[in-house]
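The block underneath contains the structure these notes are about, expressed in structure tokens.
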Amino acid sequence: MADGQLGFRTSAVPPWHPPSMSSSSPLRLSVFGVVILSLFAALFARLWYLQVLDSTSFVEAAQRNQVQVLYEEAPRGRILDRNGEVLVDNRRSQAITVNRSTLTRLPDDEQAEVRARVAALLNISAEELDRRINDVRYSQYKPVPVAEDVPEELFIYVKEHQEDFPSVEATIVSRRAYHPQFPQLAAHVLGYVGEINNEELDDRKQDGYRLGDTIGKGGVERIYEADLRGEPGIVKLQVNSAGEVSGEPLAEKAPVPGHDVQLTLDLRLQVLAEESLAQALEAARQSVDRNDRKPFVAPAGSAVVLDPRDGAVLAMASYPTYSPGDFVNGINPDVYRALTDKASYYPLNNRAVTGQYAPGSTFKLVTAVAAAQRGLVDGRTTITDRGSFTVPNCRGEKCTFKNAGSRAWGRVNLARSLTVSSDVYYYELGARFWTERTRFGNGIQDTAREFGFASKSGIELPGDRAGTIPDPELRKQLYDKFPGKYMERNWYTGDNVNMSIGQGDVLVTPLQLANAYATFANGGTRYAPRIADRVLTADPTPEVVRRIEPRATGKIELPEAIRAPILDGLRGVISREEGTAFYAFGGFPSAMSVAGKTGTAQVRGKQDSALFAAFAPTDNPQFAVAVVLEESGFGGTAAAPVARRILEGAAGAPPGPIQLGTGSD
């Protein structure tokens, strides 16, 4: 190996020498650097061009290729009666709609042209078209229907000449449809639908609701919203900045109709209840109150029919009523003001569940059971009714309580006390419950609660009220809470006397009253009233999604020794000549025996309200009825005829017109 050399020497491969640093090396490096700099300069120039000079074209391209997501509300499920009769349905309507949002973005001259064409097409004035477009009932988030149920040729014309009608569309809309013969039928039970509000949306965003969606606002529509709503359809479209669709939809999902809800209501009985209620109130207005010699006001009332065997609501009527169809697409403000006006007696209120009334003598059922359960009386015990009762050791006019008309009934046993509605009999029981309270406690109140009073009934409908069963402790609480409203903080014998006949501070709802009599009718099982029976698929051959089973909420002991004399007395109200509803039920079909109780509630400053509660047939009860007519007179005169007509229909007899009876109490 020579000096200064490293490597191997072979005869085939010449030795490798590192390049020598000659004078040409700087030139080569310079050329290489220029090439590298040029490449980077070109890259930066291109990036600058794309981001600065050509950015507008890319924004325009992005805008030309946006994705628009369209949602289509699913048809709501139908609402059926217990026999499958359709109470609420959907109908499809050919409509011409205007998109206010896009219309107002058009140039003024083009906007005026579109308005003129649409007005001419619909054969209406420009002013009328503007009124329809600006109708406050319709959501800002949806196109406004300016014409519905339009003829086929007009509908097709708009479809085929879309370029002449920007912001205008011919489309099929789904509308809630109600019974064609009875558009107001069961309005308070069915409820209505409307556009979702902000508060409702906050609660349901996680369920996929959006502004502009339809939602149940009352009754079954609200309670069974999740079942009735269905799943909205989705269409994803690629559109340009003008909103024009580019190509086929990117994705589609058809709407899934909501489930049907089948109620426990019987269409035939519901019609009877509503007709009878309206007829009786009208008849009462033609009658004169014997107390003030003025026509009865008879402004409102309600009727409830239950099946005592399982708590099913067969009919529920409240008057005055309204048309749920008025709320479709939003209700006219003037119509809504009328429905919420005190002068109209608040037609939106479902008095069957929200109305709270003194039950009057219908409450004697509770006092009778309480006394019989505790051994205060039995079927043989008699009390002498001389027409009035004076509280022992009490002085003054307020110490004496009288029968209606001060009539004396003589010797009265438990059964007859109910038949003739002897107040004195129950005054005596009420006083003894208080004077012997160390033995009986709050016996009347305890039994009242066992019958379901002072508690919400448990029905699915909104507005279920608990009513009031007063007692000494509640009196103290209310006196302290509302100074000046209650004259006394303490409870006295007279308070118990008043309560024994359903007066004083006792308040019940018509539904509670019907349920109490249903409980007695079936032997003591209290059910939560239910309005729905099952949820069904919307298929041509529906399948049961789920059933709403009967739910027992309490049990009251009614041995035969207690139940028999009370049942006998309630039968006598209808079947015996001295019964307070005997004349109201004159000629009633003998195939169905009825047991019931009349009631007349006195309210200071108002005319008497009429009440009646009953069940039938007495040997196998299938119907329990409660009727309340505000400021309409005696229960046997005004309320009993309503129940009679409903039960006539239930018995299969053709019901005649309402005729006010000559009964009392």
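The values are calculated or read from the model by the stated rules, or taken from the named source; none is laboratory data. Remember, it's a predicted structure, so these values are computed and weren't measured experimentally. Every residue, glycine among them, receives a Cβ derived from its backbone with ideal geometry; neighbour counts consider all protein chains shown. For accessibility, only protein heavy atoms count, side chains too; no ligands or nucleic acids. Shrake-Rupley method; radii C 1.70, N 1.55, O 1.52, S 1.80 Å.
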Revision key, fill the gap. Evaluated at 25 °C and 0.890 mPa s, the Stokes-Einstein D of the range 585-645 based on the Kirkwood radius over Cα pairs, in µm²/s, stands at 206
Revision key, fill the gap. Nearest 10, in degrees from 0 to 90: the angle of helix 510-521 to the longest Cα principal axis of the chain is 60
Revision key, fill the gap. Each label sits 7 Å from Cα toward the beta-carbon; between Thr340 and Ala251 the label points are separated, in nm, by 4.0
Point to revise | Distant-in-sequence amide H partners of Ala584 (H built 1.01 Å from N, under 5 Å) | key: Thr662, Gly663
Review point. With point charges of +1 on the Cβ of Lys and Arg and -1 on the Cβ of Asp and Glu, referenced to the Cα centre of the chain, which listed residue (Gly311, Leu265, Trp409) lies farthest in the positive direction of the dipole?
Key: Trp409
Practice item. Loop only per DSSP, at most 16 neighbouring Cβ atoms within 10 Å: give me the trypsin sites (Lys or Arg not before Pro) in the range 191-231, ordered by residue number. Key: Arg210
Exercise for review: Could you work out the local net charge near Ala516, counting Lys and Arg as +1, Asp and Glu as -1, over the other residues with Cβ closer than 12 Å to its Cβ?
Suggested key: +3
**Study point:** Radius of gyration and maximum dimension Dmax of the range 557-611, Cα, Å
**Key:** 14.1, 42
Point to revise | Karplus-derived HN-Hα couplings along the range 575-587 (A = 6.51, B = -1.76, C = 1.60, θ = phi - 60°), whole Hz, x at Gly and Pro | key: 9, 9, 4, 7, x, 6, 10, 4, 6, 5, 9, x, x
Point to revise | Probe 1.4 Å - accessible area at Arg546, Å² to nearest ten | key: 100
Exercise for review: Return the long-range amide H neighbours of Val545 (sequence gap of 5 or more, or a different chain), with a cut-off of under 5 Å between placed amide H atoms.
Suggested key: Val535, Leu536, Thr537
Check your understanding: Per-residue ellipticity at 222 nm for the chain, helices alone: DSSP H runs ≥ 4 residues times -39500 (n - 2.57), over residue total, nearest 500 deg cm²/dmol?
Key -> -9500 deg cm²/dmol
**Study point:** Equivalent ellipsoid semi-axes - Cα gyration tensor, the range 545-665, angstrom
**Key:** 24, 18, 18
Practice item. Please work out, to two decimal places, the log10 of the ratio I(q)/I(0) at q = 0.17, 0.19 Å⁻¹ from a Debye calculation in which every Cα of the range 390-467 carries one identical scatterer. Key: -0.88, -0.98
Check your understanding: So, counting K/R as plus one and D/E as minus one, what does the shell of residues with Cβ under 14 Å around Ile156 add up to?
Key -> -4
Exercise for review: Report the far tail of the P(r) of the range 188-309, meaning the percent of Cα-Cα pairs longer than 16 Å.
Suggested key: 77
Review point. Which FRET efficiency, nearest 0.05, do Lys456 and Asn134 yield, Cβ-Cβ r, R0 35 Å?
Key: 0.20
Check your understanding: For Lys398, which aspartates and glutamates qualify as cross-link partners when the Cα separation must be under 19 Å and same-chain residues fewer than eight apart are set aside?
Key -> Asp385, Asp423, Glu428, Glu488, Asp495, Asp505
Practice item. Go through the range 437-447 residue by residue and turn each phi into a ³J(HN,Hα) via Karplus (6.51, -1.76, 1.60, θ = phi - 60°); whole Hz please, and just put x for glycine and proline. Key: 5, 5, 8, 9, x, 8, x, 5, 5, 4, 5
Check your understanding: Tell me, what does the Kirkwood hydrodynamic radius of the range 464-537 come to in angstroms if you use every pair of distinct C-alpha atoms?
Key -> 15.0
Study note, to complete from the structure: Amide H proximity to Leu87 below 5 Å, modelled H, separation 5+ or other chain, gives Ile79, Leu80, Asp81
Review point. What distance in nm separates the simple spin-label points at Ser593 and Glu231, each placed 7 Å from Cα in the Cβ direction?
Key: 5.6
Review point. Any idea how many Lys pairs in the range 132-274 come in under 25 angstrom at the alpha carbon, given 8 or more places apart or on separate chains?
Key: 11
